[in-house]
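What follows is one structure encoded as structure tokens, with my remarks underneath.
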Amino acid sequence: MATTQTREQTRGVATTAPPRPPRSREEIETVIARVLKWFFIIFFVITTAFPFYWMLTLSVRDMGDVLLNPTRLFPTLDQLANFWEPYQAVLVDFNFSLYIGNSLALSVVVVLLTLLLAIPGAYAVTRLDFRLKAAMSWGILLVYMFPAIVIGIPLFVVFSQLGARGSFPTMVIVYMSGTLPVALYMLRSYFQTIPAELEEAALIDGMTRINTIWRIVLPLSIPAVASVALYTFMIAWNEFLFAILFLTDSPLSWTLPLGLRQLDSQEVPRTMLMAGSVIITVPVIVLFFFFERFLTRGLTAGAVKG
Amino acid sequence: MLATFSLLEVVIYAIVWAFIGGLPGFYLFATIDRNPRVGARLGVLVGVGVGFGATLIGLIDSTDAAVNAALLLWIAALVAALVMSFTHRGFGQYSRTTTLRQTVADLAYGLLLPTFIIVIAIVVFPMIWNLVLSFRPVRLRDLPDLRLFSLEDFTLRNYERVLNARDFWPTLWRTFVYTILGTFLAILLGLIAALVVKDSFRGRNIVRGFLLFPYIAPIVSVVLVWKMLFNAQFGLVNEIVAGLGGQRIDYLTAPATAFTMIVLFQGWRYFPFAFLFILARIQAIPEDMYEAAKVDGAAPSQRLWYITLPQLQAVFGTLFLLRFIWTFNKFDDVFLLTGGASNTKLITIEIFNQLFSSRNIGTAAALAVVLALVLAVVVSVYFRWFLVEER
């Protein structure tokens with residue numbers, strides 16, 4: 001360190017007298033860093049965004065065209081004009097409109113129930129003092145990391161036994177085994193960042209606990225609650241393991257991911273699968289862009305399991 | 001009636017009824033009598049009493065009847081609560097003078113109880129039951145009339161079968177390699193992405209948005225796009241490789257490349273997760289540390305190596321742990337990408353195969369237990385090692 005310092009100092013003196021000084025390590029490395037930076041920006045943009053662009057393009061082309069011109073990057077105007085055809089086929093002929101309804105209903109109910117349970121639960125674990133507090137906190141962490149497939153088998157068996165394997169309430173409950181721990185964990189991390197003084201002041205002024213939660217904690221937590229809602233929605237919307245375990249033999253209740261997967265194993269033009277993929281991906285991406293600000297913060301506050 | 005059940009079943013049955021009965025009782029007293037602890041105790045007694053009693057005299061002989069009985073209990077509790085709220089009196093003998101501490105604790109239990117019950121029902125309970133199933137010779141075809149909790153047919157055969165299977169050790173080893181490589185790749189890519197995006201430039205917000213795409217998009221659709229891109233006949237990647245004079249390969253099914261592909265996929269899909277964590281931490285590093293280093297003549301690479309990376313150590317630790325756990329028991333990614341063919345079979349996929357191809361619940365459950373145990377061992381070793389490091 002010391003030698004570099006002296007070198008810098010001498011160089012500072014030397015610049016007053018040309019010829020051109022040798023480039024310092026600082027300058028060289030700054031240039032390299034800039035080059036690398038743009039290289040990686042391009043690399044990341046291509047690897048992350050291009051597959052989605054490709055999905056969109058392929059979805060409007062027909063299979064014959066793809067086989068003939070595999071490298072064509074843009075669809076023809078003709079294909080763009082008829083872009084609706086594959087979508088109509090997927091939505092109507094392959095029942096995707098039904099699956100959209102199923103997925104939407106399931107995800108929304110799961111989100112609401114998860115929030116209803118997780119907000120008071122997370123609050124209690126962070127703010128209130130009780131004997132089992134530490135145990136509960138650890139429990140949340142443990143459950144958060146627990147493998148879904150280990151829970152999947154017994155749940156599969158018990159609901160088969162009850163004859164309710166593919167029913168809506170079953171799916172809600174089963175999906176909540178994935179969303180509830182995440183929501184609890186995220187909200188707990190967030191509540192820890194809200195200063196307790198605010199609530200204490202309110203309590204001293206004679207507000208009840210419940211009122212404090214309702215009037216002070218919740219309004220302060222709107223960003224966190226929004227991000228938890230969105231994440232649990234995404235988890236439920238993207239869920240695949242429980243869908244294939246529980247719903248495979250009840251086609252009328254298939255969710256979008258399961259429907260798409262089953263379509264994949266049929267003799268269907270590959271490009272039509274891309275239309276299906278677009279249908280299932282677009283809602284998530286749109287939601288994400290609307291709420292990006294909340295989401296990035298929420299992710300680091302607790303992260304999503306996956 | 002109860003004599004035909006095993007002790008284990010009776011205990012489980014009692015616990016279920018305790019919860020079903022305990023919950024309404026709890027709220028009854030929490031709202032009216034401000035004494036939820038006694039309420040919970042009484043609720044458990046009523047629950048177990050009604051549930052057991054009705055079963056003993058034969059009123060409850062099916063699942064439907066049990067559900068109806070539980071609902072009746074709840075309705076009764078609600079009606080009682082309503083009546084009491086109108087008459088403004090509770091069961092006076094249970095009232096007590098409470099300290100603030102007790103009130104707070106009561107409230108905490110009240111707020112946690114629903115969550116607690118759900119978590120017990122859908123996580124803890126199945127976990128225990130998975131253990132029970134792993135010691136029983138249960139097949140898929142036994143399902144509708146399976147005795148739920150019973151250890152009379154106790155056997156170790158499932159474990160024998162699982163551990164002696166020819167490809168058990170290779171599969172376990174492969175799962176390890178996949179997990180470690182995938183985790184490293186995801187964290188490395190996440191680190192690079194965070195370093196690249198940390199300083200502002202034009203379009204930074206859009207780039208940051210793109211970076212999260214692989215992670216938030218539904219797994220099924222992402223896998224389908226990968227299958228398209230790497231297809232041997234019309235995949236774009238193959239076209240490019242062929243254009244450069246290479247050979248056309250179906251990357252996802254060829255034994256030589258399939259494993260690399262699932263690792264790459266793991267890195268691609270989950271680096272955004274690492275990226276967000278690392279970015280948040282990088283942005284929290286105080287600027288004057290860099291200023292001071294700069295004054296001391298540290299070049300950019302030295303600032304990265306001696307300031308940024310050491311500051312990120314804790315994040316790397318957390319990320320590695322989280323990603324390791326989740327990758328180790330990840331099922332859908334590889335199942336959808338390759339179905340476990342061409343040297344890509346992981347433990348979770350084998351569990352699924354045991355369940356649906358071999359139609360053997362017992363071995364699937366045993367394998368799941370093995371998975372959880374291995375994971376627990378690794379995590380505790382990691383914690384030990386990591387905590388020592390920290391000191």
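Worth pointing out:
- Across the range B:328-383 the C-alpha pair distances fall into 5 Å bins from zero in the proportions 5, 20, 24, 22, 17, 8, 3, 0 percent.
- Using the alpha carbons alone, the radius of gyration of the range B:145-230 stands to its Kirkwood radius in an Rg to Rh ratio of 1.24.
- Summed buried accessible area for A+B [probe radius 1.4 Å, Å², rounded to 100]: 8700
- Inter-chain Cβ neighbour average for residues B:101-108, partner chain, 10 Å: 6
- Mean residue ellipticity, 222 nm, helices only, chain A: the sum of -39500 (n - 2.57) across DSSP H runs of n ≥ 4, divided by residue count and rounded to 500, is -24000 deg cm²/dmol.
- DSSP loop chymotrypsin sites (Phe, Trp or Tyr not before Pro) with at most 16 other Cβ within 10 Å: longest gap in chain B: B:202-391
- Square roots of 5 times each gyration tensor eigenvalue, C-alpha, the range A:172-290, largest first, Å: 42, 15, 9
- Largest to smallest accessible area among B:Val197, A:Val45 [probe 1.4 Å]: A:Val45, B:Val197
- Value in Å of the Kirkwood radius, where the range B:272-391 supplies the Cα pairs that are averaged: 17.7
- Accessible carbon and sulfur surface of the protein assembly as shown relative to its total accessible area, %, 1.4 Å: 68
- Dividing the summed -39500 (n - 2.57) terms of all DSSP H runs of n ≥ 4 by the residue count of chain B sets its mean residue ellipticity at 222 nm at -23500 deg cm²/dmol.
- Descending semi-axes in whole angstrom, ellipsoid equivalent of the protein assembly as shown, from the Cα gyration tensor: 48, 36, 25
- Simple spin-label estimate for A:Thr71 and B:Leu100 in nanometres, 7 Å along Cα-Cβ: 7.6
- Averaged per residue, the protein assembly as shown has 47 square angstrom of accessible surface, using a 1.4 angstrom probe with ligands and nucleic acids left out.
- Residues of type lysines that B:Lys345 reaches as a straight line, Cα spacing below 16 Å, ignoring anything fewer than 8 places off in the same chain: B:Lys330
- Peptide A:36-44 has a mean of 5 when you count, residue by residue, the C-beta atoms of other protein chains within 10 Å of its C-beta.
- Computed over the range A:24-82, the P(r) curve from all C-alpha pair distances, binned at 5 Å from the origin, holds 4, 16, 17, 14, 10, 9, 8, 7, 6, 5, 3, 1 percent per bin.
- Taking amide H as placed 1.01 Å from N in the peptide plane, B:Asn360 has its amide H under 5 Å from the amide H of B:Leu140, B:Leu355, each at least 5 places away in sequence or on another chain.
- Inter-part distance where the range A:187-213 and the range B:241-303 are each reduced to a Cα centre, Å: 41
- Share of pairwise Cα-Cα distances greater than 15 Å in the range B:202-265 is 61 percent (whole percent).
- Averaging over all projection directions, the Cα-based convex hull of the range A:63-176 occupies 12.8 nm² in the image plane.
- Averaged over the residues of peptide A:24-33, the number of Cβ atoms from other protein chains lying within 10 Å of each residue's Cβ is 4.
- DSSP H segments from chain B that extend 30 Å or more along their own axis, Cα-based, with Kyte-Doolittle mean of 1.6 or above: B:7-31, B:63-87, B:168-197, B:361-390
- Where the Cα pairs of the range B:165-390 fall when distances are cut into 5 Å bins, in %: 1, 6, 11, 14, 15, 15, 12, 10, 7, 4, 2, 1, 0, 0
- Within the same chain, lysines fewer than 8 places from B:Lys198 are excluded, and of the rest, those with a Cα less than 27 Å from its Cα are A:Lys37, A:Lys305, B:Lys294.
- Computed on the Cα atoms alone, the convex hull of the range A:89-302 gives a volume of 137 cubic angstrom per residue.
- Overall shape of chain B was characterised from the C-alpha gyration tensor. The equivalent ellipsoid obtained from it has semi-axes of 50, 34, 19 Å, in decreasing order.
The values are calculated or read from the model by the stated rules, or taken from the named source; none is laboratory data. If you're wondering where the values come from, they're calculated on a predicted model, not measured in any experiment. So basically every Cβ, Gly included, is an ideal-geometry build from the backbone, and we count neighbours across all protein chains shown. Protein only, heavy atoms only, side chains kept; ligands, DNA and RNA dropped before computing areas. Shrake-Rupley method; radii C 1.70, N 1.55, O 1.52, S 1.80 Å.
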